[in-house]
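This report refers to the structure that appears directly beneath it.
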Amino acid sequence: MENYSKVRTVEQPCPCPFPGLSSDTNEVRVKDGSKIRNLMRYALSRMEVKPRALEGEGGQPKSEEGGSTTEVQEAPCSQALEKMPSRQIVFTGMGKGVSKAITCVEILKRRVKGLHQQTRLLFSTVLEVWEPLEPAAGLDSLTVSRNIPAIWVLLSRDPLDASLPGYQAPGNFDALWAQAAKEDAGVAGGQRHGGRRKRGGGGGRGKGPGGPVRQTDRSREPGKGQSRGKGALAGQE
């Protein structure tokens with residue numbers, strides 16, 4: 001492919017794997033360049049009774065796709081607070097955006113309690129169009145089809161079919177996060193305690209600058225040169 005350059009990428013539309021969704025269900029497309037802050041502001045404005053995205057900001061929520069931010073047309077603030085929240089929302093991520101989509105889902109589940117989750121893993125088709133660097137060389141343009149892993153996550157206030165694969169019931173996330181914080185604190189405390197013990201010096205036989213130096217009996221006895229010197233002096237006397 002050294003004689004070609006990629007001119008464009010076309011993402012093929014993927015049918016929704018959740019049949020029976022209402023037409024007003026919001027879909028949040030998460031891409032690699034998306035900012036989680038903007039994505040969560042948009043999702044919370046749809047799912048919360050009193051959108052936190054409009055509290056004290058005086059602005060409108062924004063929806064982000066592929067790194068570019070586009071404003072979402074909203075009603076005035078007084079009307080938005082009275083608007084009923086959405087019952088369902090869908091997060092989609094493809095390629096490098098899969099991990100970021102999962103992060104958004106977990107944050108929303110912690111902020112909005114009692115959400116049922118349905119997850120689908122599939123592949124999305126992307127077409128890459130390559131053009132020759134030198135058209136006079138007689139090379140034809142190429143179209144490469146790639147299958148990229150993707151994730152679809154449905155969050156619903158209403159109960160979902162628990163018999164389907166990928167279903168997760170609402171859980172007690174406060175206890176889970178408290179247990180994780182307690183474990184992290186215990187690990188950090190053990191590392192600090194071990195660090196102090198290491199800095200305090202070694203055992204009695206250590207040769208480091210902080211440890212005592214053991215003196216052997218050989219070093220206390222006079223050397224051969226010293227005993228000969230005393231004998232010579234005695235003979236001279």
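The single residue among 176, 154 that is modelled with pLDDT under 85 and within 23 Å of the chain's Cα centre (by Cα) turns out to be 176. Scanning region 23-36 for residues that are open to solvent by 60 Å² or more (accessible area, probe 1.4 Å) and over 16 Å from residue 151 (Cβ atoms) turns up 23, 24, 35.
Only residues that are part of a helix (DSSP H, G or I), closer than 23 Å to residue 165 by Cβ and in contact (Cβ under 8 Å) with a residue 60 or more places away in the chain were counted across region 101-120, and they come to 5. Screening residue 162 with (1) at pLDDT below 90; (2) assigned to a loop (DSSP other than H, G, I, E, B) gives one miss only, at (1).
Residue 103 fulfils the conditions (1) open to solvent by 40 Å² or more (accessible area, probe 1.4 Å); (2) over 18 Å from residue 168 (Cα atoms); (3) at pLDDT 90 or above except for a single criterion, (2).
For region 122-141, a residue qualifies if it is aliphatic (A, V, I, L, M) and either within 17 Å of residue 86 (Cα to Cα) or loosely packed, with under 13 Cβ neighbours inside 10 Å (or both), and the qualifying residues are 133, 136, 137.
The values are calculated or read from the model by the stated rules, or taken from the named source; none is laboratory data. Remember, predicted model here, so these are calculated numbers, not experimental data. Neighbour counts run over all protein chains shown; Cβ positions are idealised from the backbone, glycine included. In case anyone asks, the SASA skips ligands and DNA or RNA and just uses the protein heavy atoms, side chains included. Shrake-Rupley method; radii C 1.70, N 1.55, O 1.52, S 1.80 Å.
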